[in-house]
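This report refers to the structure that appears directly beneath it.
The values are calculated or read from the model by the stated rules, or taken from the named source; none is laboratory data. Since the structure is predicted, the reported quantities are computational estimates derived from the model, not experimental observations. Neighbour counts are summed over all protein chains in view; Cβ atoms, including those assigned to glycine, are modelled from backbone coordinates with ideal geometry.
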Amino acid sequence: MPVIHTPKLNEVAQQLEPLMGRATKVTAASGPNKLEASCQTARYVTRDDKLAALCQVDVGLAAALGAALALLPAGAAEDAAKAGKLPDNLLDAFSEVANILAGVLCVDGALHVRWTTVAQSQAELSADDKALLAKPASRLDVTVEIEGFGAGKLSIVTAKR
Amino acid sequence: MKILVVDDSGIMRKIVVRTLRQAGFGGHAIEEAENGREALSKIEADAPDLVLTDWNMPEMNGIELVKAIKEKGLDVPFAFITSECTAEMRDQANASGAVAFLTKPFTADTMQSALAKVLE
């Protein structure tokens, strides 16, 4: 029976580098990432709309990913990081990055998973989100550095299915 | 030639258009639609030479768009661009008659090799 795929570091790297169109280094974190309340959380669901995975990203990294994708100035990402919130244009761009990152979960033989929404702070997390974060079936913790745009933490947790 | 780019994300439409130009297809007229329904109206009004469509979209998704194109008897080549790539989706795309199936993220090189047979 298909299960939710546990993403690997190299799969995240292979997804992000061509997407950013510039040198993008993905390295393993020394332990579970501790993310600030302002982190962005992308939600992924199965075909029956059950929560399958969450991808949490520092607001600074989310801004950097969005700015690099949309070819916006690095300064726009820095301003968002300082403000602790993504403006609409960077939120749209980061949402597209989150959508494309579904590719690291959606592999042959695994349960089909798709991106749905981004929660813009820990305060927006649902009870299901919190339950998954507290007890994931798997987790991947990395740091991502995008040439010219900065670095930050990214974590992916998956549900047991 | 005319290319219709269909995606609910404005940013992704810009990226697709930018990559088409980088792939050497910038000389073609490029139009955009933000869902299958809008795309279908544009195709019925003036059929493009290629439809490049996202898979998951509100209103009418990519596979529904292709079905609607066929039901109306329109002969328009189409290709899918999607972030979720499974063997099942690829099979479905092939069965629908897609000329190409591109996975996000894509590069100018992958777009060039996938679409050259239609656009050159």
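Structural remarks
- Selection of helices (runs of 4 or more DSSP H) fully inside segment A:32-142 by the criterion of at least 3 residues being in contact with a Phe, Trp or Tyr (Cβ under 6 Å, 6 or more places away or on another chain) returns A:59-70.
- All positions within segment B:94-115 that are away from chain A (no Cβ under 14 Å) and closer than 27 Å to B:A68 by Cβ: B:N94, B:A95, B:S96, B:G97, B:A98, B:V99, B:A100, B:A114, B:L115
- Odd one out for B:D75, checked against (1) over 28 Å from A:A98 (Cβ atoms); (2) among the charged types (D, E, K, R); (3) assigned to a helix (DSSP H, G or I): (3)
- Residue check for A:L65: under 14 Å from the mean Cα position of the chain (by Cα) and either more than 14 Å from chain B (Cβ to nearest Cβ) or polar (S, T, N, Q) (or both): no
- Per-region count, segment B:9-66, residues in contact (Cβ under 8 Å) with a residue 24 or more places away in the chain, in contact with a helix residue (DSSP H, G or I) (Cβ under 7 Å, 6 or more places away or on another chain), outside any loop (DSSP other than H, G, I, E, B) and not small (G, A, S): 19
- Where B:F80 falls short, out of the listed (1) modelled with pLDDT of 95 or more; (2) assigned to a helix (DSSP H, G or I): (2)
- Filtering segment B:95-112 to residues that are out of contact with any strand residue (DSSP E or B) (no Cβ under 9 Å at 6 or more places or on another chain), without any contact (Cβ under 8 Å) to a residue 60 or more places away in the chain and part of a helix (DSSP H, G or I) leaves only B:A95.
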